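The values are calculated or read from the model by the stated rules, or taken from the named source; none is laboratory data. Computed from a predicted structure; not experimentally measured. Cβ atoms come from the backbone with ideal geometry, glycine included; neighbour counts cover every protein chain shown.
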């Protein structure tokens, strides 16, 4: 269990909160392991009606903690990060997110698997995989174009630029944008509304909505993971990581 993950079950709402505010909730292998186990446990627990994920300290998550990530790179499907990502595709219960501050990398791609997402007006999103010499994960290469259209997805995934909560709303990544102080309370209110609905009806409704894409999502996750592992040891990724730690701009001009 990671001390940087808080888990609470109250009135059928399983609240998973990333609690590493001093690092903007950047995710370590231990955090991924704890959250992967927690999601599986919550989905199997009849006392859980809905799963909520949020971040502490005014941020959702800054994505991977790069130092921890490089110390323990994910090189097979048993890696905590791949277990966490694969778990999204298997969730049967409603999955809700409350997003404040930064939502970087997996902090944005996981939202494509949520049923309801509520963002603070100050929330900022980014998919900087290409910037780091890497490639998309969590089936985002499939789901983002389906959600936003190819042109917008290409802009987000190829340029890796930060985008606003308002744009996330316009392209269908989030359900609503709220004042910062209200987003978590609003998400909890929506969760409580879901707990009053027939649990089996919700599970079956979710299953029917996702049925056509389920096998393709899993296949895409596997392909993305294979490519991602190759990119981790690529010259471009090594240059990007070195530049990050040396606090300089990466130079990709010598790579084709």
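Before moving on, here are some points about what is shown:
- Subset of region 2-17 (residues that are modelled with pLDDT of 95 or more and touching a helix residue (DSSP H, G or I) at 6+ places or on another chain (Cβ under 7 Å)): 4, 5, 7, 11, 12, 13, 14, 16
- Residues that are touching a strand residue (DSSP E or B) at 6+ places or on another chain (Cβ under 7 Å) and either assigned to a loop (DSSP other than H, G, I, E, B) or without any contact (Cβ under 8 Å) to a residue 60 or more places away in the chain (or both), drawn from region 54-79: 55, 56, 59, 60, 61, 62, 63, 64, 65
- Evaluation of residue 102 against the conditions (1) touching a helix residue (DSSP H, G or I) at 6+ places or on another chain (Cβ under 8 Å); (2) farther than 29 Å from residue 208 by Cβ; (3) crowded, with 23+ Cβ neighbours inside 10 Å shows that the sole unmet condition is (1).
- Answer residue from region 1-22, given it is outside any strand (DSSP E or B) and under 20 Å from residue 45 (Cβ atoms) and is nearest to the chain's Cα centre (by Cα) among those: 2
- Hits in region 228-237 - residues which are in a helix (DSSP H, G or I) and either touching a helix residue (DSSP H, G or I) at 6+ places or on another chain (Cβ under 6 Å) or surrounded by fewer than 14 Cβ atoms within 10 Å (Cβ to Cβ) (or both): 230, 231, 235, 237
Rundown of residues vs (1) under 15 Å from the mean Cα position of the chain (by Cα); (2) within 25 Å of residue 83 (Cβ to Cβ); (3) free of Cβ contacts under 8 Å to residues at least 40 places away in the same chain; (4) surrounded by 17 or more Cβ atoms within 10 Å (Cβ to Cβ), yes/no style:
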{"site": "118", "(1), (2), (3), (4)": "yes, no, no, yes"}
{"site": "123", "(1), (2), (3), (4)": "yes, no, no, yes"}
{"site": "126", "(1), (2), (3), (4)": "yes, yes, yes, yes"}
{"site": "134", "(1), (2), (3), (4)": "no, yes, no, yes"}
{"site": "137", "(1), (2), (3), (4)": "yes, yes, no, yes"}
{"site": "157", "(1), (2), (3), (4)": "yes, yes, yes, yes"}
{"site": "161", "(1), (2), (3), (4)": "no, no, yes, no"}
{"site": "175", "(1), (2), (3), (4)": "no, no, no, yes"}
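- Among (1) closer than 23 Å to residue 190 by Cβ; (2) outside any helix (DSSP H, G or I), the one test that residue 87 misses: (2)
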